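Asker: There's a structure below that I have some questions on.
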Amino acid sequence: MIPGSERFATRPIGAEELLRSLPSKLKVHTVDQRTVDELDPLTYEVVRHRLCSVTDEMGETLKRMSGSPIVTDANDFDFTINDEVGDLVQVGLYNTMLVGAIDFAAKWTLMNRAENPGIEEGDMFLCNDPWVGGGLHQNDVVVIQPIFHEGQLFGWTSAVCHEPDLGGSAIGSAPIGDVDVFSESVPTPPVKIMRQGVLQQDVADLWVRRSRVPMIVGLDLRAKIGANTTGRKRLADVIAQYGPDTVKAVMKKMMNDAESRLREKLRKAPDGSWTVCGYQDQAFEGDRETHTIKLTMTKADDRLIFDFEGTDPQRGVISCTLGGCRGGIMLAFLPMLCGDIPWSAGGLMRCFEIRAPEGTLVNATFPAALNRAPISSGWMVGNLTAQCLSQMLDREFDFRNNVQASCCGTFDFACVAGMDERPEEPVPFLNVVMETVAGGYGARPTKDGIDTGGTFCIPMGRVPDAEMTELLYPLLMLWRREEVDSGGPGKYRGGASCSLGLTPHGTSLPAGVVMSSSGKATAQNTGLAGGYPGNLGYDVIVHGAGVGEMLANGELPVGLEELGGDVEIAQCFAESLLHPGDVLYLNCQGGGGYGDPLLRDPTAVATDLHNGLISRQAAEDIYGVVVSAGGTVDQEATDVRRVDIRGRRRQEMVTNSPLSEKAEGGQGRAIDENLVLLDAEGGSRIACRHCGQILSADDHILHVGVFEGHSSTAGPGVRVAPDFFVDTSVAFSQLLCPECCTALDSAIGPSGETKTVNGFAIA
């Protein structure tokens, strides 16, 4: 950390300490617990729903005023209502990762702006400093607004969205070299953009001047101001109708109720610890290493601890701040644990603690580069959180509906910029390709993942309108389709992901392309209970594809196999040129599978084959299903094929000190799809649910078969050998029941890494 920068570092602070730190000139409205307790239920519900409608209207205002497809189409934004100390009362259903950092910005503003320049009615503050909060990287820009009633600070509202470009050394503010924050957009701590209801034009000019697309950034700034203005007016209406004490009591009770309901749910879940690791392929252009994020989640009674001890040091452009880490946790935490609880995040976040060592990938110190923070380390934190939560919930029957394998791995970033020659006077253009939000959702214990369901962090996400993209930019969308073999194989298949092909159209000049991604050598979309990971990322530029000639002949290509030319496979971090006639192909990642693919209903495999979601190779080699030319299952050949696959597993696995006992009588308590806990005199043991093989003594250390092979063994979803991307030895690994050879765990990661199955160590 650079000396002097520690002032801008986020630190947790309690409400009482924060209030004591405020100058006397800033009067604050609050209520005591008795006022909260005396709320009548009917008033509480009416006012609570009014507050929900306020945030909904704020979101509509932001969308209608913004000119950016990132907001208007892809829904990469969010908004909040906060109480007087910045705690989150109500959040939107858009990019929920952003929820993890907004309260930090409000609290920092209270601690550092209350005295000078002061916090007054009609003010708004602009911020894009990830160390302060409000966003996960500098392209996430928040406008926060203090709400006053009769001269007292009553609460806050906020509106935040991703900006396409805020300056720096690369288009999209996304340099891919081994750089620091000074090559990116300048992080701006909270600064007054509105002073007593008046836009500060000098600050606004300073803000938009940094961008390659100042018009869009200027529109988004006014959209966020408009959303906050809507929030202030609607809150004033609610306060006028019900009184400030009642409204504030409702806000406090919303957070308290969310907390108490979540704690009640946690008490019903099993106690324990679950440790998982995720890997980032490359940290910058030219890097050849994998970088590890390690998470141990411990649940005790009604509380969770997320401990990242063992995570690698910050590196390249993939690290995130503490706010990014918490945003990653919220990515999985909200939908998986809180789907039936109102998202009053200030109360929900009281139920967990984060231990993230400073200077690591999940709590980077200044001046680390952060441009990929939310879609590298932050996203991986979400994937690991989802794995831990799923393994915990899978042990309790009542919670199995909330279990879900990892979704879509990461966001596949690509930014295309050049000159648009369609107007009379050519103008620059810049497009962040948002179609890659259409990843696949992870499979569940009883259901396939949703094909092109989107990203876990944006419940209301969607892909941009193709015609709008072609209207705004000199680009032609050749295809958008669900890619074959992209969903992770399993008893229940992971959701298929999107692929797209686009080409310059309306310009004679080449466009620059910057790409950054991960999950191309190691899988970030992990399956559960033996389910395979989804496809690895695959991005290419086809040079000299001959698209112009095909279009002139009335032909429209709909896949890579129809193109000529030379294929340039993109590294995780790459820059290139896209000439007229070239094609940019992006394939984001599908969801992980659930359960061994050999247990999938053969009819479902045949249906997937018919629908183009899997290939015949995957049907036969991974699922062990033989389908006739007419599309029907050859059951006899399928039975033989599946026996052969199990036999091959038996020959190739290595078993360490296998136990010879079989379970006798009783089904025990299910741990997941494959494991059962058997109670007996002298202690409990773990057995295979399928064949009854005892897998552990009372120490619960599993004696299982271990297989490691080339990553392509995972199936045709792996299209490029890992050594194209990294020097680390990467393998497809499986942990298997030594008796029936059912897959208990399947992964693509560094060879020889220590593995667990649902929190249990391996002998």
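Asker: Within the range 635-673, which residues are among the small types (Gly, Ala, Ser), at pLDDT 90 or above and outside any helix (DSSP H, G or I)?
Answerer: Selection gives ALA670 alone.
Asker: Residues that are within 29 Å of ARG444 (Cα to Cα): list the strands (runs of 3 or more DSSP E) wholly contained in the range 473-582 that include at least 3 such residues.
Answerer: 475-482, 498-504
Asker: Which residues, counting only those in the range 310-327, are touching a residue at least 40 places away in the same chain (Cβ under 8 Å), of a type outside the set (Val, Ile, Thr) and out of contact with any Ser or Thr (no Cβ under 7 Å at 6 or more places or on another chain)?
Answerer: If we filter the range 310-327 for residues that are touching a residue at least 40 places away in the same chain (Cβ under 8 Å), which is where we start, we get 311-327.
The next check asks that each one be of a type outside the set (Val, Ile, Thr); those that pass are 312-316, 319-320, 322-327.
Once the filter is applied, which keeps residues that are touching a residue at least 40 places away in the same chain (Cβ under 8 Å), of a type outside the set (Val, Ile, Thr) and out of contact with any Ser or Thr (no Cβ under 7 Å at 6 or more places or on another chain), the range 310-327 yields ARG315, GLY316, CYS325, ARG326, GLY327.
Asker: For GLY92, which of the numbered conditions (1) in contact with a helix residue (DSSP H, G or I) (Cβ under 7 Å, 6 or more places away or on another chain); (2) free of Cβ contacts under 8 Å to residues at least 60 places away in the same chain; (3) open to solvent by 10 Å² or more (accessible area, probe 1.4 Å) fails to hold?
Answerer: Unmet for GLY92, out of (1) in contact with a helix residue (DSSP H, G or I) (Cβ under 7 Å, 6 or more places away or on another chain); (2) free of Cβ contacts under 8 Å to residues at least 60 places away in the same chain; (3) open to solvent by 10 Å² or more (accessible area, probe 1.4 Å): (3).
Asker: Please indicate, with yes or no, whether at least one residue in the range 104-127 is in contact with a strand residue (DSSP E or B) (Cβ under 8 Å, 6 or more places away or on another chain), open to solvent by less than 10 Å² (accessible area, probe 1.4 Å), small (Gly, Ala, Ser) and modelled with pLDDT under 95.
Answerer: The answer is no, given that none of the residues of the range 104-127 is in contact with a strand residue (DSSP E or B) (Cβ under 8 Å, 6 or more places away or on another chain), open to solvent by less than 10 Å² (accessible area, probe 1.4 Å), small (Gly, Ala, Ser) and modelled with pLDDT under 95.
Asker: Continuing with the same structure: Do the conditions hold for PHE725, that is, is it over 21 Å from ARG646 (Cα atoms), open to solvent by less than 10 Å² (accessible area, probe 1.4 Å) and modelled with pLDDT of 95 or more?
Answerer: Spelling it out, PHE725 is indeed over 21 Å from ARG646 (Cα atoms), open to solvent by less than 10 Å² (accessible area, probe 1.4 Å) and modelled with pLDDT of 95 or more.
Asker: Can you name the number of the only condition in (1) closer than 30 Å to CYS588 by Cα; (2) open to solvent by 10 Å² or more (accessible area, probe 1.4 Å); (3) touching a Leu at 6+ places or on another chain (Cβ under 7 Å) that ASP340 fails?
Answerer: (3)
Asker: Also, I was wondering about something else. Looking only at residues in the range 392-419 that are under 30 Å from ASN587 (Cα atoms) and open to solvent by 10 Å² or more (accessible area, probe 1.4 Å), which one is farthest from the chain's Cα centre (by Cα)?
Answerer: MET419
Asker: Ok, one more. Is it the case that ASP178 is open to solvent by less than 10 Å² (accessible area, probe 1.4 Å) and in a loop (DSSP other than H, G, I, E, B)?
Answerer: Here the answer is no, as ASP178 does not meet what is asked.
Asker: All but one of (1) in a strand (DSSP E or B); (2) touching a Pro at 6+ places or on another chain (Cβ under 7 Å); (3) of a type outside the set (Phe, Trp, Tyr) hold for MET194; state the number of the condition that does not hold.
Answerer: (2)
Asker: Let me ask another. Filter the range 534-545 for residues that are open to solvent by 20 Å² or more (accessible area, probe 1.4 Å) and either at pLDDT below 95 or in contact with a Gly (Cβ under 7 Å, 6 or more places away or on another chain) (or both) and give the result.
Answerer: HIS543, GLY544
Asker: Now for a separate question. Enumerate the helices (runs of 4 or more DSSP H) found wholly within the range 1-68, keeping only those where 3 or more residues are open to solvent by less than 30 Å² (accessible area, probe 1.4 Å).
Answerer: Correct list: 41-65.
Asker: Residues VAL46, VAL28, VAL36: which one is at pLDDT 95 or above, within 15 Å of LYS252 (Cβ to Cβ) and out of contact with any helix residue (DSSP H, G or I) (no Cβ under 6 Å at 6 or more places or on another chain)? Explain how you work it out, then say what you get.
Answerer: Working: VAL46 fails: within 15 Å of LYS252 (Cβ to Cβ); VAL36 fails: out of contact with any helix residue (DSSP H, G or I) (no Cβ under 6 Å at 6 or more places or on another chain).
Going through VAL46, VAL28, VAL36 in turn, the sole match is VAL28.
Asker: A further question follows. Does the range 289-303 hold any residues that are surrounded by 22 or more Cβ atoms within 10 Å (Cβ to Cβ) and out of contact with any Leu (no Cβ under 7 Å at 6 or more places or on another chain), and which are they?
Answerer: Passing the criteria: only THR290.
Asker: Does GLY630 satisfy the criteria of being part of a loop (DSSP other than H, G, I, E, B) and under 30 Å from the mean Cα position of the chain (by Cα)?
Answerer: No; evaluated as a whole, the condition is false for this residue.
Asker: Moving on. Can you tell me which of VAL605, VAL676 is assigned to a strand (DSSP E or B) and either open to solvent by less than 70 Å² (accessible area, probe 1.4 Å) or within 30 Å of LEU551 (Cβ to Cβ) (or both)? Step through it out loud before you land on a result.
Answerer: On the way: VAL605 fails: assigned to a strand (DSSP E or B).
Within the list VAL605, VAL676, the selection yields VAL676.
Asker: Let me ask something additional. Within the range 275-288, can one find any residue that is of a type in the set (A, V, I, L, M, F, W, C) and touching a Leu at 6+ places or on another chain (Cβ under 8 Å)?
Answerer: yes
Asker: Can you list residue pairs whose Cβ atoms sit under 6 Å apart, with the first residue in the range 585-602 being at pLDDT 95 or above and the second being part of a helix (DSSP H, G or I) and open to solvent by less than 10 Å² (accessible area, probe 1.4 Å)? Count only pairs 6 or more apart in sequence or on different chains.
Answerer: LEU586/THR436; PRO602/THR638
Asker: Among the residues of the range 385-404, is any of a type in the set (Phe, Trp, Tyr) and within 21 Å of VAL160 (Cβ to Cβ)? Before the answer, list the steps.
Answerer: Quick first cut of the range 385-404, residues of a type in the set (Phe, Trp, Tyr) only: 397, 399.
When the remaining residues are screened for being within 21 Å of VAL160 (Cβ to Cβ), the result is none.
No, the range 385-404 contains no residue that is of a type in the set (Phe, Trp, Tyr) and within 21 Å of VAL160 (Cβ to Cβ).
Asker: Test LEU51 against the stated conditions and say whether it is touching a residue at least 40 places away in the same chain (Cβ under 8 Å), closer than 20 Å to HIS149 by Cα and of a type outside the set (Phe, Trp, Tyr).
Answerer: Taking the combined requirement at face value, the residue satisfies it.
Asker: Could you check how many residues of the range 546-556 are open to solvent by less than 40 Å² (accessible area, probe 1.4 Å) and either in contact with a Gly (Cβ under 7 Å, 6 or more places away or on another chain) or on the phi > 0 side of the Ramachandran plot (or both)?
Answerer: Residues that pass the stated criteria total 2.
Asker: Also, quick follow-up: Of PRO146, PRO130, which residue is free of Cβ contacts under 8 Å to residues at least 40 places away in the same chain and closer than 24 Å to LEU206 by Cα?
Answerer: Details: PRO130 fails: free of Cβ contacts under 8 Å to residues at least 40 places away in the same chain.
Answer to the selection: PRO146.
Asker: Report yes if GLU753 is over 30 Å from PHE397 (Cβ atoms) and at pLDDT below 95, otherwise no.
Answerer: Numbers: over 30 Å from PHE397 (Cβ atoms): yes; at pLDDT below 95: yes.
The answer is yes for GLU753.
Asker: Given ARG689, ARG685, ARG641, which one is over 20 Å from PHE760 (Cβ atoms), open to solvent by 60 Å² or more (accessible area, probe 1.4 Å) and in contact with an Asp or Glu (Cβ under 9 Å, 6 or more places away or on another chain)?
Answerer: Result of the check over ARG689, ARG685, ARG641: ARG641.
Yes or no, residue by residue, for (1) of a type outside the set (Ser, Thr, Tyr); (2) on the phi < 0 side of the Ramachandran plot; (3) open to solvent by less than 10 Å² (accessible area, probe 1.4 Å); (4) under 24 Å from the mean Cα position of the chain (by Cα):
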{"site": "VAL141", "(1), (2), (3), (4)": "yes, yes, yes, yes"}
{"site": "PRO146", "(1), (2), (3), (4)": "yes, yes, yes, no"}
{"site": "ALA159", "(1), (2), (3), (4)": "yes, yes, yes, yes"}
{"site": "HIS162", "(1), (2), (3), (4)": "yes, yes, no, yes"}
{"site": "SER169", "(1), (2), (3), (4)": "no, yes, no, no"}
{"site": "SER173", "(1), (2), (3), (4)": "no, no, yes, yes"}
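The values are calculated or read from the model by the stated rules, or taken from the named source; none is laboratory data. All figures in this text were calculated on a predicted structure; none of them were measured in a lab. Cβ sites come from the backbone with ideal geometry, for glycine too, and all protein chains shown count toward neighbours. Side chains are part of the model used for accessible areas, which takes the heavy atoms of the whole protein and leaves out ligands, DNA and RNA. Shrake-Rupley method; radii C 1.70, N 1.55, O 1.52, S 1.80 Å.
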